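Structure first, then comments.
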Protein chains: 2
Amino acid sequence: TLAAPAIAQTNPEIKWRCASSFPKSLDTIYGGAEFVARRVAELTDGKFQIRVFAGGEIVPALQVLDAVKDNTIECGHTVSYYYVGKDPTFAFDSAMPFGLNARQQNAWMRHGGGLELMREFFAGYNIVQFSAGNTGTQMGGWFRKEIKTVEDLKGLKFRIGGYAGTIMSKLGVVPQQIGGGDIYPALEKGTIDGAEWVGPYDDEKLGFNKVAKYYYYPGWWEGGPQVSFLTNKAQYEALPKQYKVALETACAEATLDMIAKYDVQNMNALKSLVASGTQLRPYPNEVLQACYQAAIETYEAEAAKNEKFKKVFDQWRKFREDEYLWFRVAEYSFDRFVYAAPPLASKK
Amino acid sequence: TLAAPAIAQTNPEIKWRCASSFPKSLDTIYGGAEFVARRVAELTDGKFQIRVFAGGEIVPALQVLDAVKDNTIECGHTVSYYYVGKDPTFAFDSAMPFGLNARQQNAWMRHGGGLELMREFFAGYNIVQFSAGNTGTQMGGWFRKEIKTVEDLKGLKFRIGGYAGTIMSKLGVVPQQIGGGDIYPALEKGTIDGAEWVGPYDDEKLGFNKVAKYYYYPGWWEGGPQVSFLTNKAQYEALPKQYKVALETACAEATLDMIAKYDVQNMNALKSLVASGTQLRPYPNEVLQACYQAAIETYEAEAAKNEKFKKVFDQWRKFREDEYLWFRVAEYSFDRFVYAAPPLASKK
């Protein structure tokens, strides 16, 4: 069924303000909202205009959710795990530690029942949300000293956000909540011992390689963090059907585009970082195992006391196990072979 | 800059016919074109309508490229490696054996220089193409007997399409070009010894598990095959700007959506196949190594005689190596840990 052609002439001019949680300097993640705004304008003949404001410009970076919920602004572009202080259930909308990679997150959202569960949860905040970006697996952070054992985590002042901080504190880490712009001086002065942000491209922009030598991987707390576009429910529902579709499809393209952009930018930045002296280090398996156990304890404790969390967790956990079964077969075995193979060229 | 609002009233009604290379029964890959058509209609108030025809309905399944090139139809939905007989350069637009996975293909296309190179190549066929789907890494096919050594490939009649057939023939395989609907009877009668198609969901639909016991992985010739939406260049260029954008963004969403849909459907189908007795087998490393060497020889021989191929191959090969460097770090180490870890639950 198609929309009635007559609507075209009567489509109203609509102007929305979008509060981003990110600074303009982080052009890829901030750029996701600009991408959505541009596409929506192009798709509606300029009639539906979204103006994007950087974090802190009209709304504090980490208060985007409240501003959208309260209709202070019509929409925002943020990462839902920023709001785990309100309810850890928000983390499913972005990334759960040891959770889904970017493709699995998209699969869960689009065809695995995730969107329905998260829409129901967000409705409690007067919000209709969309996936509008993903960074892919992030890096595990910068440290001034090497991490060799679980013991090395004890007392470590580590800048880390959201749910992962809770999990790491079980192993003795002292999580530090510090905004992006304040990390560099804190790391330089030694106020903190380490910091995680995103990945090579963004981290190099923030200059962390100049004040910390060891760059760990993977960011086990962010296998594929989704960036979300939040809309005030009443505002969204008042949109003409065509504008709703324009917004939905623009957000989907933004998801695809941000991953692709990071995958190219991180590739280039990684080479540049290593050339400038950064030492790449995998987290020791012992550390990952300990964090994994701490994550299980954290999730099960939350599920025992939080019905909303439990509802999503039970479905998500089953999906995760089943999806891993499949990914282990074709996808992972392909990656494993080609990553281990020599260059695709005859030996000279 | 925004399109002039005045255009809205004058947008013409446009009807296009789209020839798919796929049967309607393969709802996910065929559904990609339906997805594009529905979105484009919704985004243009029903004014830009694309009617999708299944493979063979108005154009033979494997002649979609010619029909679009010759303006017999305005557009088509197909896999570009079907046309490697004309020029192996087409394979870069879908999948090269031992090439990119789905995410890397999207990164190459959107931000890695791939789209520009492929658009230049397709312009020689009067075509402007878009990514409009991807299956993810496919399975490596069904066999009635186990493959344990490279010797076991000799004389094997294996249904396999495109460039991979050329590569496998170097190892003694006798590649068979057989349409989807004819594979089952050929495998049942023993006319062929094995067949590859897509993955668990589509393969189960075609019933291969009933006539072959061993299901191999990975499909090393298709790490992330893109499904493409081809438009006749003159037809595309005659579209109003808004319709062009609608088509582009709809194709992008179709790419994201098809991957997500396959990732959920394959997950479920794999469990069902294994429950019904299918034996999963990894290709022996020796076989993969031999195929890898054969691929290198094939590519270098082609590059030596085909300037168009060489131009894309040189850029693509560099991109592939650099992208693998990055994926080996965060993405692969995350996947490796979580796939090897026990279920995300305390031991009972």
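Please treat every number below as a calculation from the coordinates, not as lab data. As the structure is a prediction and not an experimental result, all values here were calculated from the model. Virtual Cβ from ideal backbone geometry, glycine too; neighbours counted across all protein chains shown.
Annotations for the structure displayed:
- Selection among B:Asn11, B:Val40, A:Ala330 by position relative to the dipole of the protein assembly as shown gives A:Ala330 as farthest towards the positive end (Cβ unit charges, Cα centre).
- Arranged from fewest to most other beta-carbon atoms within 10 Å of their beta carbon, B:Thr298, B:Thr231 become B:Thr298, B:Thr231.
- Here chain B is assigned +1 on the Cβ of each Lys and Arg and -1 on the Cβ of each Asp and Glu. Its dipole about the Cα centre then comes out at about 520 debye.
- Using C-alpha pairs below 8 Å separated by at least 6 residues, the relative contact order for region B:146-268 is 20 percent.
- Cα-centre dipole for region B:134-222 with unit charges at Cβ (Lys and Arg positive, Asp and Glu negative), debye to 20: 260
- In chain A, the longest principal axis of the Cα atoms and the axis of helix A:180-189 are about 20 degrees apart.
- Per-residue 3J(HN,Hα) values for region B:169-175, derived from phi via the Karplus relation 6.51 cos²θ - 1.76 cosθ + 1.60 with θ = phi - 60°, read 5, 5, 9, x, 5, 9, x Hz in sequence order (x marks Gly and Pro).
- What separates the A:Glu146 label point from its copies, with the point 7 Å along Cα to Cβ, is 4.2 nm, written shortest first.
- Mean projected area (nm²) of the alpha-carbon convex hull when chain A is viewed from all directions: 20.2
- Nearest-first distances (nm) between copies at A:Asp87, label 7 Å from Cα via Cβ: 5.6
- Remark on A:Gln49: its backbone amide H falls under 5 Å from those of A:Ile14, A:Lys15, A:Trp16, a criterion applied only to residues 5 or more positions apart or on other chains, H modelled at 1.01 Å from N.
- For chain A, the relative contact order is 23 percent, taking Cα pairs closer than 8 Å that sit 6 or more residues apart in sequence and dividing their mean separation by the residue count.
- Derived scalar couplings ³J(HN,Hα) [region A:212-219; Karplus, 6.51 cos²θ - 1.76 cosθ + 1.60; whole Hz; x for Gly, Pro]: 8, 9, 9, 10, 8, 8, x, x
- Folded to 0 to 90 degrees: helix B:241-275 orientation relative to chain B principal axis, Cα: 20
- When both bridge partners sit in the protein assembly as shown, DSSP labels roughly 45% of those beta bridges antiparallel.
- Note on region B:320-348 and region A:130-181: Cα centroid distance 18 Å, given to the nearest whole angstrom.
- Amide H partners (placed H, <5 Å) of A:Ser228, local residues excluded: A:Thr78, A:Val79, A:Ser80, A:Ala132
- The string of couplings for region A:85-97 from the Karplus curve (6.51, -1.76, 1.60, θ = phi - 60°) is x, 6, 6, x, 4, 4, 4, 4, 6, 10, 7, 9, x Hz, one whole number per residue in order, with x for Gly and Pro.
- Relative to the dominant Cα principal axis of chain B, helix B:27-43 is inclined by about 20°.
- Taking the number of Cβ atoms within 10 Å of each Cβ as an exposure proxy, the fewest-first ranking of B:Val40, B:Val64 is B:Val40, B:Val64.
- Contact order, relative form, for region B:15-167: 23 percent (alpha carbon pairs under 8 Å, 6 or more residues apart, mean separation divided by residue count).
- Over 27 Å between alpha carbons, listed pairs B:Lys24/B:Lys310; A:Lys47/A:Lys205; B:Lys15/B:Lys233; A:Lys271/A:Lys347; A:Lys347/B:Lys157; A:Lys213/A:Lys347: B:Lys24/B:Lys310; A:Lys47/A:Lys205; A:Lys347/B:Lys157; A:Lys213/A:Lys347
- Charge dipole (debye, nearest 20) of the protein assembly as shown; +1 at Cβ of Lys and Arg, -1 at Cβ of Asp and Glu: 560
- Chain B, helix-only ellipticity at 222 nm - DSSP H runs n ≥ 4, -39,500 (n - 2.57), divided by all residues, nearest 500: -15500 deg cm²/dmol
- Sorted by Cβ neighbour density within 10 Å, fewest at the top, the residues A:Arg336, B:Arg17, B:Arg320: A:Arg336, B:Arg17, B:Arg320
- Note on chain A: antiparallel DSSP beta bridges, both residues inside, total approximately 45 percent of the bridges counted.
- Pseudo-label separations to other copies for A:Ile58 - Cα-to-Cβ vector, 7 Å, nm: 4.5
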